[in-house]
Amino acid sequence: MTPTAPVHAADDTADDKPLAKATFAGGCFWCTEAVYKEIKGVKEVTSGYIGGQVKNPTYKQVCTGLTGHAEAVEIEYDPDLVPYEKLLEVFFATHDPTTLNRQGADAGTQYRSGVFYHDDEQKQIAEKVIDRLDAAKAFPQRIVTEVTEASKFYPAEDYHQDYFENNPFQPYCQAAVSPKVAKVRKVFKDLLKE
(Lines give C-alpha, C1' and ligand atoms only; values in the text may rest on other atoms or scores of the structure.)
Protein backbone atom coordinates (compact mmCIF):
# COMPACT_ATOMS: atom_id res chain seq x y z
CA MET A 1 0.00 0.00 0.00
CA THR A 2 1.33 3.46 -0.88
CA PRO A 3 1.14 6.54 1.35
CA THR A 4 -2.35 8.01 1.18
CA ALA A 5 -1.99 11.76 1.48
CA PRO A 6 -3.62 12.53 -1.89
CA VAL A 7 -3.36 15.90 -3.56
CA HIS A 8 -4.24 16.81 -7.12
CA ALA A 9 -1.79 17.89 -9.76
CA ALA A 10 -1.91 21.56 -10.65
CA ASP A 11 -2.27 20.79 -14.34
CA ASP A 12 -5.13 18.87 -15.94
CA THR A 13 -3.33 15.90 -17.43
CA ALA A 14 -5.00 12.90 -19.02
CA ASP A 15 -4.02 10.71 -16.09
CA ASP A 16 -5.45 13.05 -13.46
CA LYS A 17 -4.94 10.65 -10.57
CA PRO A 18 -4.23 11.80 -7.03
CA LEU A 19 -0.63 12.44 -6.07
CA ALA A 20 0.92 11.69 -2.70
CA LYS A 21 2.56 14.25 -0.45
CA ALA A 22 5.88 14.11 1.43
CA THR A 23 7.33 16.82 3.68
CA PHE A 24 10.99 16.95 4.65
CA ALA A 25 13.26 19.41 6.46
CA GLY A 26 16.95 19.01 5.76
CA GLY A 27 18.53 22.38 6.39
CA CYS A 28 18.20 25.23 3.91
CA PHE A 29 15.17 24.62 1.73
CA TRP A 30 17.00 25.90 -1.37
CA CYS A 31 19.13 22.74 -1.20
CA THR A 32 16.30 20.32 -0.52
CA GLU A 33 14.07 21.78 -3.21
CA ALA A 34 16.80 21.59 -5.87
CA VAL A 35 17.52 17.93 -5.03
CA TYR A 36 13.91 16.78 -5.38
CA LYS A 37 13.32 18.67 -8.62
CA GLU A 38 15.73 16.12 -10.17
CA ILE A 39 13.69 13.03 -9.15
CA LYS A 40 11.29 11.30 -11.54
CA GLY A 41 7.73 11.09 -10.31
CA VAL A 42 8.08 14.37 -8.41
CA LYS A 43 5.52 16.76 -9.87
CA GLU A 44 5.91 19.76 -7.57
CA VAL A 45 8.30 20.92 -4.83
CA THR A 46 7.36 23.88 -2.66
CA SER A 47 9.73 25.52 -0.19
CA GLY A 48 8.16 26.62 3.07
CA TYR A 49 7.88 26.37 6.82
CA ILE A 50 6.44 23.67 9.12
CA GLY A 51 6.40 22.68 12.77
CA GLY A 52 6.07 26.05 14.45
CA GLN A 53 3.61 28.05 16.52
CA VAL A 54 3.27 31.29 14.52
CA LYS A 55 0.61 31.54 11.79
CA ASN A 56 1.80 32.67 8.35
CA PRO A 57 5.45 33.12 9.35
CA THR A 58 7.82 35.15 7.22
CA TYR A 59 11.36 34.16 6.31
CA LYS A 60 12.68 36.92 8.57
CA GLN A 61 10.67 35.54 11.52
CA VAL A 62 11.70 31.92 10.88
CA CYS A 63 15.37 32.95 10.64
CA THR A 64 15.26 34.11 14.28
CA GLY A 65 14.61 30.51 15.35
CA LEU A 66 11.84 31.78 17.63
CA THR A 67 8.78 30.63 15.66
CA GLY A 68 9.55 26.92 16.02
CA HIS A 69 9.32 26.32 12.27
CA ALA A 70 11.78 24.35 10.19
CA GLU A 71 12.69 25.29 6.63
CA ALA A 72 11.14 22.43 4.69
CA VAL A 73 9.84 21.27 1.33
CA GLU A 74 6.45 19.84 0.49
CA ILE A 75 6.72 17.35 -2.36
CA GLU A 76 3.84 16.21 -4.55
CA TYR A 77 4.77 12.94 -6.22
CA ASP A 78 3.48 9.88 -8.02
CA PRO A 79 4.14 6.86 -5.77
CA ASP A 80 3.88 4.56 -8.80
CA LEU A 81 7.01 6.23 -10.20
CA VAL A 82 8.93 6.89 -7.00
CA PRO A 83 8.05 5.18 -3.70
CA TYR A 84 8.16 7.13 -0.44
CA GLU A 85 11.07 4.98 0.77
CA LYS A 86 13.17 6.12 -2.23
CA LEU A 87 12.38 9.77 -1.43
CA LEU A 88 13.67 9.08 2.08
CA GLU A 89 16.86 7.49 0.75
CA VAL A 90 17.53 10.66 -1.25
CA PHE A 91 16.73 12.77 1.82
CA PHE A 92 19.21 10.98 4.07
CA ALA A 93 21.92 10.93 1.39
CA THR A 94 21.78 14.68 0.75
CA HIS A 95 22.04 16.22 4.22
CA ASP A 96 23.61 15.38 7.57
CA PRO A 97 20.88 13.82 9.73
CA THR A 98 23.24 13.46 12.72
CA THR A 99 23.74 17.13 13.60
CA LEU A 100 21.08 18.58 15.88
CA ASN A 101 19.67 21.88 14.61
CA ARG A 102 22.50 22.40 12.14
CA GLN A 103 23.46 21.83 8.52
CA GLY A 104 27.00 23.01 7.83
CA ALA A 105 27.24 26.70 8.69
CA ASP A 106 23.45 27.01 9.01
CA ALA A 107 22.61 26.69 12.72
CA GLY A 108 19.32 26.93 14.61
CA THR A 109 16.13 24.93 15.05
CA GLN A 110 14.93 26.21 11.69
CA TYR A 111 17.65 24.03 10.07
CA ARG A 112 16.77 20.83 11.94
CA SER A 113 16.42 17.51 10.19
CA GLY A 114 12.82 16.35 10.09
CA VAL A 115 10.42 13.96 8.42
CA PHE A 116 6.85 15.24 8.71
CA TYR A 117 4.62 12.27 7.97
CA HIS A 118 1.13 12.47 6.47
CA ASP A 119 -0.12 9.04 7.57
CA ASP A 120 0.88 6.08 9.73
CA GLU A 121 2.48 4.27 6.82
CA GLN A 122 4.87 7.16 6.15
CA LYS A 123 5.74 7.22 9.86
CA GLN A 124 6.51 3.49 9.88
CA ILE A 125 8.58 3.69 6.70
CA ALA A 126 10.59 6.65 8.05
CA GLU A 127 11.30 4.88 11.34
CA LYS A 128 12.30 1.70 9.48
CA VAL A 129 14.72 3.59 7.21
CA ILE A 130 16.29 5.39 10.20
CA ASP A 131 16.68 2.11 12.10
CA ARG A 132 18.25 0.47 9.05
CA LEU A 133 20.73 3.32 8.50
CA ASP A 134 21.69 3.41 12.19
CA ALA A 135 22.14 -0.39 12.30
CA ALA A 136 24.35 -0.22 9.20
CA LYS A 137 26.36 2.64 10.76
CA ALA A 138 25.77 4.64 7.58
CA PHE A 139 26.83 7.78 9.47
CA PRO A 140 29.56 8.33 12.10
CA GLN A 141 26.90 9.23 14.71
CA ARG A 142 23.28 8.22 15.28
CA ILE A 143 20.55 9.92 13.28
CA VAL A 144 18.76 12.72 15.16
CA THR A 145 16.10 13.39 12.51
CA GLU A 146 12.73 14.07 14.12
CA VAL A 147 9.79 12.05 12.82
CA THR A 148 6.71 14.17 13.49
CA GLU A 149 3.14 14.29 12.24
CA ALA A 150 2.79 16.96 9.57
CA SER A 151 1.19 20.17 10.76
CA LYS A 152 0.21 23.23 8.73
CA PHE A 153 2.72 23.89 5.95
CA TYR A 154 3.23 27.53 4.99
CA PRO A 155 4.72 28.14 1.53
CA ALA A 156 7.70 30.48 1.63
CA GLU A 157 7.81 33.80 -0.15
CA ASP A 158 7.85 33.66 -3.98
CA TYR A 159 11.55 34.53 -4.26
CA HIS A 160 12.44 31.32 -2.38
CA GLN A 161 10.64 29.09 -4.89
CA ASP A 162 12.86 27.55 -7.62
CA TYR A 163 15.73 29.42 -5.97
CA PHE A 164 18.60 27.32 -7.31
CA GLU A 165 17.08 27.20 -10.78
CA ASN A 166 16.80 31.00 -10.80
CA ASN A 167 20.12 31.74 -9.03
CA PRO A 168 22.58 28.96 -9.95
CA PHE A 169 25.65 31.20 -9.68
CA GLN A 170 24.76 32.80 -6.35
CA PRO A 171 27.70 32.02 -3.97
CA TYR A 172 25.61 29.99 -1.46
CA CYS A 173 24.10 27.98 -4.31
CA GLN A 174 27.56 27.24 -5.72
CA ALA A 175 28.93 26.23 -2.32
CA ALA A 176 25.98 24.33 -0.81
CA VAL A 177 23.32 23.49 -3.40
CA SER A 178 25.41 22.50 -6.45
CA PRO A 179 27.30 19.69 -4.65
CA LYS A 180 24.04 18.14 -3.41
CA VAL A 181 22.49 18.20 -6.88
CA ALA A 182 25.70 16.71 -8.33
CA LYS A 183 25.60 13.93 -5.71
CA VAL A 184 22.00 13.05 -6.60
CA ARG A 185 22.89 12.92 -10.29
CA LYS A 186 25.78 10.57 -9.53
CA VAL A 187 24.32 8.32 -6.80
CA PHE A 188 20.66 8.14 -7.86
CA LYS A 189 20.93 7.87 -11.66
CA ASP A 190 18.03 5.41 -11.74
CA LEU A 191 15.74 7.96 -10.07
CA LEU A 192 16.47 10.96 -12.29
CA LYS A 193 13.98 12.59 -14.61
CA GLU A 194 14.72 11.99 -18.27
Selection within segment 77-108 - closer than 27 Å to GLN61 by Cα and surrounded by fewer than 20 Cβ atoms within 10 Å (Cβ to Cβ): ASP96, THR98, THR99, LEU100, ASN101, ARG102, GLY104, ALA105, ASP106, ALA107, GLY108
Residue count, segment 11-33 (criterion: at pLDDT 90 or above and more than 9 Å from GLU71 (Cβ to Cβ)): 8
Cβ pairs under 8 Å, 6+ apart or interchain, first in segment 72-98 and closer than 13 Å to ILE39 by Cα, second acidic (Asp, Glu), ordered by first then second residue, are ILE75/GLU44; GLU76/GLU44; TYR84/GLU121
Give the residues of segment 104-113 that are touching an Asp or Glu at 6+ places or on another chain (Cβ under 8 Å) and in a helix (DSSP H, G or I), sorted by residue number. GLN110, TYR111
Farther than 14 Å from GLU74 by Cα and free of Cβ contacts under 8 Å to residues at least 60 places away in the same chain, is that true of LYS186? yes
Report whether or not THR67 is modelled with pLDDT of 95 or more, in a strand (DSSP E or B), surrounded by fewer than 22 Cβ atoms within 10 Å (Cβ to Cβ) and not aromatic (Phe, Trp, Tyr). no
Residue pairs within 7 Å by beta carbon, gap of at least six or interchain, first lying in segment 13-24 and small (Gly, Ala, Ser), second modelled with pLDDT under 75, listed first then second, are ALA20/THR2; ALA20/PRO3; ALA20/ALA5; ALA20/PRO6
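The values are calculated or read from the model by the stated rules, or taken from the named source; none is laboratory data. Quick caveat, the model's predicted, so the values are computed rather than measured. No Cβ is skipped: glycine too gets one built from the backbone with ideal geometry, and neighbour counts run over all protein chains shown.
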